[in-house]
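Asks: Once you've had a glance at the structure underneath, I'll fire off some questions.
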Amino acid sequence: MRFSFLSRKQSGCVYITILLLHFLFIASAQPAISFTPVVTSGLNTPVYVTNAGDSSNRLFIVEKDGVIKIYDGNSMIATPFLDVRQLVSTLGERGLLSIAFHPQYKTNRYFFIYYTNLSGDITIARYQTRADNSNVADSSSGVVLLNIPKPYANHNGGTLAFGKDGYLYFATGDGGGAGDINNNAQNGNSLLGKMIRINVTISTSPPYYIIPTDNPFVNDTTVKDEIWDLGLRNPFRWSFDRLTGDIWIGDVGQSSREEVDFEPDSSKGGNNYGWHCYEGNLPYNTTGCLSQNSYKFPIFNYGRSSANGGSTVIGGMVYRGSDYPFLYGYYICADHFSGNGWLITPNGSNGWNVTLQAGLPTSIASFGEAENGELYATSLNDTLYQVKAEEILPVRLTYWHAQLQNNNVTLSWETAFEQNLQQFDIEYSTGDLKFKKLATITATNKPSGSAYNYSYDVKAVTKFFYRLKMVDRDGALQYSNIISITANGINQNFILPNVINDRVLNIQLNEPFSDLNMYSTDGKKIFHQALAGRTGRLNVILPPLSAGIYFIQLCSRNSKIAQKIVVR
């Protein structure tokens, strides 16, 4: 496209008609998540958050010590919803770990909690909300559905949720210790290290649940009827996709790998996720194990170090809200210790695209949904966050420079962000704007960005033009600005990127300029900064601006240049 500035005189600088080449950004946008604090006081070690599905739009926040509190969308309600501290052991990983509301909670007022009792057993209990106050549970209404004894204090699992089929699911840890020394996860006669599926009843006397007739092991005398899946180590956080019914499991690793498992809604259960024979996709202790193809391996796993990912995966949720349509369908999970997060989505070829995002809050203990599908997260730092997102391009280019010395051209560029980026194609022209590929450089694809250099010899130099073609993994493209180099080695000034997201204008000044002016498309001057003859790289902080198209003009005694920018 061609844009022109009309001649006019203003502030000591004379505008002349300048033709600018502008290249359209056509790369596919990617979501980047952020965590915005919503509640920062009044919480004590919050480990879980969810909604009641009763059209009240309340969030129920579970605290490790045995208290459940309500956030009504504006503030915390002072009176706890439920207080069962007298029933709960909080030693180590123990505690009150989650809550799930009956699918007909709005009419029957039943909900279920998952906790470790004073003996350390995993306990599933049913309670009822008071009829006269929907913000307070009847603490005397509690009945126990299941007690599952455990040999150690750790590896308790911790999440229970209702599926689209109306049944209650919960995932237990292997009982604790190291390496599942009791082989609970592979033992069909133990409810430890399993995904459990039961049909809860609303009777006032036992039994409070029955076995669904289509559970996968009801006809197998070697496996307990309650079991849906087996071979899990410590599935502390798992979830259903509220749209599809698919199951996503974050299973905490032993010493090498953290893993995320996926089970489609079409599954009939009976999956074996491999622990303790395998940890992630690596063998752990295969003595007495089945053949490798007997196990279901994770769709994503990462190493247990801060450099590789972290050391405790916190299973997340698939975003099904409406505030961030570009995030729709992405599964979001995080690591408790490293502050790394991942966005996972199908790649269309029976595989998965996984994107790392670093720098998230640490100590995340759970993700949860509001009734409208927006996502929240709890942190053991006594904070409730809302998960938000912005739309970003796969690469943010901050520096693009050419230098000539002794018939050698060095092209240098830097990025502040890379995500799902495939490569950089360096293209050149001798002035006819018919660009040819000079070289291809593979992208490092580091979320924090990278620096690149490419050098080559030229036999004769008049004037060369260069641009970068940045190729996303899905084939989408975006181009840099054009820079040029002449016989004296001075290249064209530029502003890059010309799409401004964060009010920071990145400029490369290769000759001294006195002034920088910013104009709206109707020619109104809206910003000025004195440059005082500076050269080199310069970051200019722009004032708050409405999204739209603007023009930047650089003025000196000998030259004036202008460039279009887009503020988002």
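Asks: For Leu542, state whether it is modelled with pLDDT of 85 or more and within 18 Å of Tyr428 (Cβ to Cβ).
Replies: On the way: modelled with pLDDT of 85 or more: yes; within 18 Å of Tyr428 (Cβ to Cβ): no.
So Leu542 does not fit the description; no.
Asks: Let me ask another. For segment 527-554, what are the residues that are more than 12 Å from Ile565 (Cβ to Cβ), of a type in the set (A, V, I, L, M, F, W, C) and without any contact (Cβ under 8 Å) to a residue 60 or more places away in the chain? Before the answer, list the steps.
Replies: Initial filter on segment 527-554 (more than 12 Å from Ile565 (Cβ to Cβ)): 528-539, 541, 543-544, 546, 554.
Then drop every residue that is not of a type in the set (A, V, I, L, M, F, W, C), which leaves 530-532, 538, 541, 554.
Result: Ala530, Leu531, Ala532, Leu538, Ile541.
Asks: With Asp72, Asp121, Asp65, Asp83 as the choices, which residue is among the acidic types (Asp, Glu) and touching a helix residue (DSSP H, G or I) at 6+ places or on another chain (Cβ under 9 Å)? Don't jump to the end; show me each part of the working.
Replies: Values: Asp72 fails: touching a helix residue (DSSP H, G or I) at 6+ places or on another chain (Cβ under 9 Å); Asp121 fails: touching a helix residue (DSSP H, G or I) at 6+ places or on another chain (Cβ under 9 Å); Asp83 fails: touching a helix residue (DSSP H, G or I) at 6+ places or on another chain (Cβ under 9 Å).
That would be Asp65, the only listed residue that is among the acidic types (Asp, Glu) and touching a helix residue (DSSP H, G or I) at 6+ places or on another chain (Cβ under 9 Å).
Asks: Here is a follow-up. Exactly one condition in (1) under 15 Å from the mean Cα position of the chain (by Cα); (2) assigned to a strand (DSSP E or B) is not met by Ala402; state its number.
Replies: Condition (1) is where Ala402 drops out.
Asks: Further question: One residue is enough: does segment 36-56 have a residue meeting the conditions surrounded by fewer than 19 Cβ atoms within 10 Å (Cβ to Cβ) and closer than 30 Å to Pro497 by Cα?
Replies: For segment 36-56, residues surrounded by fewer than 19 Cβ atoms within 10 Å (Cβ to Cβ) and closer than 30 Å to Pro497 by Cα: present.
Asks: Could you please give the count of residues in segment 296-319 that are closer than 16 Å to Leu230 by Cα and surrounded by fewer than 17 Cβ atoms within 10 Å (Cβ to Cβ)? Steps first, please.
Replies: Residues of segment 296-319 that are closer than 16 Å to Leu230 by Cα, as a first pass: 296-298.
Pick out the ones that are also surrounded by fewer than 17 Cβ atoms within 10 Å (Cβ to Cβ) and you get 297.
Qualifying residue count for the region: 1.
Asks: From Asn510, Asn501, Asn488, Asn517, which residue is in contact with a His (Cβ under 7 Å, 6 or more places away or on another chain) and either surrounded by 14 or more Cβ atoms within 10 Å (Cβ to Cβ) or at pLDDT below 85 (or both)?
Replies: On the way: Asn510 fails: in contact with a His (Cβ under 7 Å, 6 or more places away or on another chain); Asn501 fails: in contact with a His (Cβ under 7 Å, 6 or more places away or on another chain); Asn488 fails: in contact with a His (Cβ under 7 Å, 6 or more places away or on another chain).
After applying the criteria, what remains is Asn517.
Asks: Among the residues of segment 210-233 satisfying the criterion of being open to solvent by 40 Å² or more (accessible area, probe 1.4 Å) and either of a type in the set (Ser, Thr, Tyr) or not in a loop (DSSP other than H, G, I, E, B) (or both), which is nearest to Glu258 (Cα to Cα)? So that I can check it myself, show each step before the final result.
Replies: Of the residues in segment 210-233, the ones open to solvent by 40 Å² or more (accessible area, probe 1.4 Å) are 210-211, 213-214, 216, 218-222, 224-225.
Checking which are either of a type in the set (Ser, Thr, Tyr) or not in a loop (DSSP other than H, G, I, E, B) (or both) leaves us with 210, 213, 221-222.
Working: Ile210: 33, Thr213: 33, Thr221: 32, Thr222: 29 Å.
Applying the filter and picking the extreme gives Thr222.
Asks: Out of curiosity, is Ile202 surrounded by fewer than 16 Cβ atoms within 10 Å (Cβ to Cβ), in contact (Cβ under 8 Å) with a residue 60 or more places away in the chain, farther than 26 Å from Val47 by Cα and not aromatic (Phe, Trp, Tyr)?
Replies: Details: surrounded by fewer than 16 Cβ atoms within 10 Å (Cβ to Cβ): yes; in contact (Cβ under 8 Å) with a residue 60 or more places away in the chain: yes; farther than 26 Å from Val47 by Cα: yes; not aromatic (Phe, Trp, Tyr): yes.
In short, yes.
Asks: Residues of segment 141-171 being among the hydroxyl-bearing types (Ser, Thr, Tyr), in contact with a strand residue (DSSP E or B) (Cβ under 9 Å, 6 or more places away or on another chain) and farther than 17 Å from Trp248 by Cβ, which ones? Walk me through it before giving the result.
Replies: At the first step, the residues of segment 141-171 found to be among the hydroxyl-bearing types (Ser, Thr, Tyr) are 141, 152, 159, 167, 169.
Still in the running and in contact with a strand residue (DSSP E or B) (Cβ under 9 Å, 6 or more places away or on another chain): 141, 159, 167, 169.
Scanning segment 141-171 gives Ser141, Tyr167.
Asks: Same structure again: Residues of segment 49-82 being touching a Lys or Arg at 6+ places or on another chain (Cβ under 8 Å) and under 20 Å from Ser239 (Cα atoms), which ones?
Replies: Asn51, Ala52, Gly53, Asp54, Phe60, Ile61, Glu63
Asks: When you scan segment 274-300, how many residues do you find that are polar (S, T, N, Q), assigned to a loop (DSSP other than H, G, I, E, B) and more than 28 Å from the chain's Cα centre (by Cα)?
Replies: Initial filter on segment 274-300 (polar (S, T, N, Q)): 281, 285-287, 291-294.
Narrowing further to those that are assigned to a loop (DSSP other than H, G, I, E, B): 281, 285-287, 291.
Now restrict to residues that are more than 28 Å from the chain's Cα centre (by Cα): 285-287, 291.
Going through segment 274-300 one residue at a time, the tally reaches 4.
Asks: Anything in segment 230-243 that is in contact (Cβ under 8 Å) with a residue 60 or more places away in the chain and either more than 16 Å from the chain's Cα centre (by Cα) or under 19 Å from Lys164 (Cβ atoms) (or both)? List them, or say none. Step through it out loud before you land on a result.
Replies: Initially, segment 230-243 is screened for residues in contact (Cβ under 8 Å) with a residue 60 or more places away in the chain, giving 231-243.
Those that are in contact (Cβ under 8 Å) with a residue 60 or more places away in the chain and either more than 16 Å from the chain's Cα centre (by Cα) or under 19 Å from Lys164 (Cβ atoms) (or both): Gly231, Leu232, Arg233, Asn234, Pro235, Phe236, Trp238, Ser239, Phe240, Asp241, Arg242, Leu243.
Asks: To continue, here is another question. Specify the residue that is surrounded by the most Cβ atoms within 10 Å (Cβ to Cβ); the eligible residues are those in segment 354-386 that are within 21 Å of Asn308 (Cβ to Cβ) and in contact with an Asp or Glu (Cβ under 9 Å, 6 or more places away or on another chain).
Replies: Ile364
Asks: Name the single residue, out of those in segment 185-199 being of a type in the set (Gly, Ala, Ser) and touching a residue at least 60 places away in the same chain (Cβ under 8 Å), that is farthest from Tyr295 (Cα to Cα).
Replies: Residues of segment 185-199 of a type in the set (Gly, Ala, Ser): 185, 188, 190, 193.
Filter once more, so that each one left must be touching a residue at least 60 places away in the same chain (Cβ under 8 Å): 185, 193.
Numbers: Ala185: 13, Gly193: 14 Å.
The residue in question is Gly193.
Asks: Yes or no: segment 245-258 includes at least one residue that is open to solvent by less than 10 Å² (accessible area, probe 1.4 Å), in a loop (DSSP other than H, G, I, E, B) and either more than 30 Å from Leu118 (Cα to Cα) or in contact with a Cys (Cβ under 7 Å, 6 or more places away or on another chain) (or both).
Replies: Yes, that holds for at least one residue.
Asks: Could you list, ordered by first residue, the pairs with Cβ atoms under 6 Å in which the first is in segment 53-64 and more than 13 Å from Phe101 (Cα to Cα) and the second is among the β-branched types (Val, Ile, Thr) and in a loop (DSSP other than H, G, I, E, B), at least 6 apart or interchain?
Replies: Glu63/Thr45; Lys64/Thr45; Lys64/Thr90
Asks: Given Arg197, Arg242, which one is surrounded by fewer than 19 Cβ atoms within 10 Å (Cβ to Cβ) and among the basic types (Lys, Arg)?
Replies: Numbers: Arg197 fails: surrounded by fewer than 19 Cβ atoms within 10 Å (Cβ to Cβ).
It is Arg242.
Asks: Looking at (1) at positive phi; (2) within 33 Å of the chain's Cα centre (by Cα), which is the only condition Asn183 fails?
Replies: For Asn183, the exception is condition (2).
Asks: Could I ask something else about it? Is one or more of the residues making up segment 270-293 surrounded by 18 or more Cβ atoms within 10 Å (Cβ to Cβ), in contact (Cβ under 8 Å) with a residue 12 or more places away in the chain, within 20 Å of Ser190 (Cβ to Cβ) and of a type in the set (A, V, I, L, M)?
Replies: no
Asks: I would also like to ask the following. Filtering segment 465-484 down to residues that are open to solvent by less than 30 Å² (accessible area, probe 1.4 Å) and farther than 30 Å from Asn347 by Cα, which residue is modelled with the highest pLDDT?
Replies: Checked segment 465-484; the qualifying residue modelled with the highest pLDDT is Tyr466.
The values are calculated or read from the model by the stated rules, or taken from the named source; none is laboratory data. What you are looking at is a predicted structure, and each value in this text was computed from that prediction instead of being measured. Don't worry about glycine lacking a Cβ; one is built from the backbone with ideal geometry, like all the others, and counts go over all protein chains shown. Keep in mind that these areas ignore ligands, DNA and RNA; they rest on the heavy atoms of the full protein, side chains included. Shrake-Rupley method; radii C 1.70, N 1.55, O 1.52, S 1.80 Å.
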